[in-house]
1. Is it true that some residue in the stretch 97-113 is more than 19 Å from the chain's Cα centre (by Cα), at pLDDT 85 or above and among the hydrophobic types (A, V, I, L, M, F, W, C)?
2. When both residues are 6+ apart or on different chains and their Cβ atoms are under 7 Å apart, which pairs have a first residue that lies in the stretch 98-123 and is of a type in the set (S, T, N, Q) and open to solvent by less than 30 Å² (accessible area, probe 1.4 Å), and a second that is modelled with pLDDT of 90 or more and not in a loop (DSSP other than H, G, I, E, B)?
3. So, ASN38, is that one modelled with pLDDT under 65 and part of a helix (DSSP H, G or I) or not?
4. Can you tell me which condition PRO242 does not meet? The list is (1) modelled with pLDDT of 65 or more; (2) open to solvent by 10 Å² or more (accessible area, probe 1.4 Å); (3) closer than 30 Å to ALA9 by Cα, and all the others hold.
5. Can you tell me which of THR132, THR192 is open to solvent by 30 Å² or more (accessible area, probe 1.4 Å), hydroxyl-bearing (Ser, Thr, Tyr), assigned to a helix (DSSP H, G or I) and modelled with pLDDT under 90?
6. Sort out which residues of the stretch 149-178 are outside any loop (DSSP other than H, G, I, E, B) and surrounded by fewer than 16 Cβ atoms within 10 Å (Cβ to Cβ), and write them in order of number.
7. Name the residues in the stretch 41-75 that are of a type in the set (Gly, Ala, Ser) and in a helix (DSSP H, G or I), would you?
Amino acid sequence: TGELSAKNAELESRNRDLDQFAYVSSHDLRAPLRGIRNLADWIEEDLGEERIPETTQEHLALLKGRITRMEGLIDGVLQYSRAARRRGQVERVDVAPLAREVLDLLGEGDDDESRVRLDPSLEGVVLDADRTQLQQVLQNLVSNALKHATAESPEVVVSARTAPDRIEICVRDNGPGIDPRFHERIFGIFQTLAPRDEVEGTGIGLAVVRKIAETNGGEVRVESRVGHGAAFYVTWPRSPAPMEAA
C-alpha cells in the first residue's frame, strides 16, 4: 500500500542518516586520537629514548595502547552500526579457501607452524552468501579464539558441518573456558569477561558476529565450561535470507 511504501522510504532515509552519522562521528573522533599519538611520538623523539625514565616509557606505552584501543572501539561501533543493514553481492563461496585467506590476514599461515588448524570438514563446503560478511564473521571468531587460547600452547580448530539448507561453522579454542552464566553476556556490545589489560579487546567482535549472522538468517551460540575451552558455532543458510529493514 501507499502508506507502507511511505513508511519503508522513511525508514531507509533514517538508516542512511544513521550510517552517515556513524561515519562522520568515527572520522571526527579519529582526528584527536591521531593528534595525541603524534604528541606521544614527538615527546619520545625530543627527549630521546635513552634519556626517558623507565616509568615514563611505561606511561607512554600505556598511552599508545589506550589510543589503539579507542581506535578499535570506533571501528567496531562503525562495523556494528552497519552489520544489520549492509549486504554486498551474494556469490558462491567456497569456505575452505575463505578460511585460508582469513588465516593469512591474521598472520597465521595454513601450515604446521600455525596456531590455527583447518579441519578437513571445511573442504567442499559451499554456499551462496555475501563473501565479505562471512569473512568478517570467521575473522572475528578466529581472532577471538586466539586471544583466549592457552598462552603456552595455543590451539584453535575451525571445522564445519553441513545440512541440506544450511552449514554450521565451529571455531574451537583450548582457553580457560566460559562459565555458562556468561554465555549470553559475551555477545553484548562492549562486553568482555577478562580485564582489558590482560586480554586486549573492544568487546564488539562477538556482537558484530551475532548481528551479521542473524541478519543473514543464521545464528551463533557458544558451548563452553570453565577449564575446557570454548566452541563458537555459527549457522548460515545455504541461500541468503531476505534483508529486513533495520
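The values are calculated or read from the model by the stated rules, or taken from the named source; none is laboratory data. Everything numeric here is computed off the predicted structure, so don't read it as measured data. Cβ coordinates were reconstructed from backbone atoms using ideal geometry, including for glycine residues, and neighbour counts include every protein chain displayed. Areas reflect the complete protein model, heavy atoms only, side chains present, ligands, DNA and RNA absent. Shrake-Rupley method; radii C 1.70, N 1.55, O 1.52, S 1.80 Å.
1. The answer is no; no qualifying residue exists.
2. From the stretch 98-123, the pairs are SER114/LEU103.
3. no
4. Exception for PRO242: condition (1).
5. Testing whether each residue is open to solvent by 30 Å² or more (accessible area, probe 1.4 Å), hydroxyl-bearing (Ser, Thr, Tyr), assigned to a helix (DSSP H, G or I) and modelled with pLDDT under 90 leaves just THR132.
6. Within the stretch 149-178, ARG161, THR162 qualify.
7. ALA61, GLY65, GLY72
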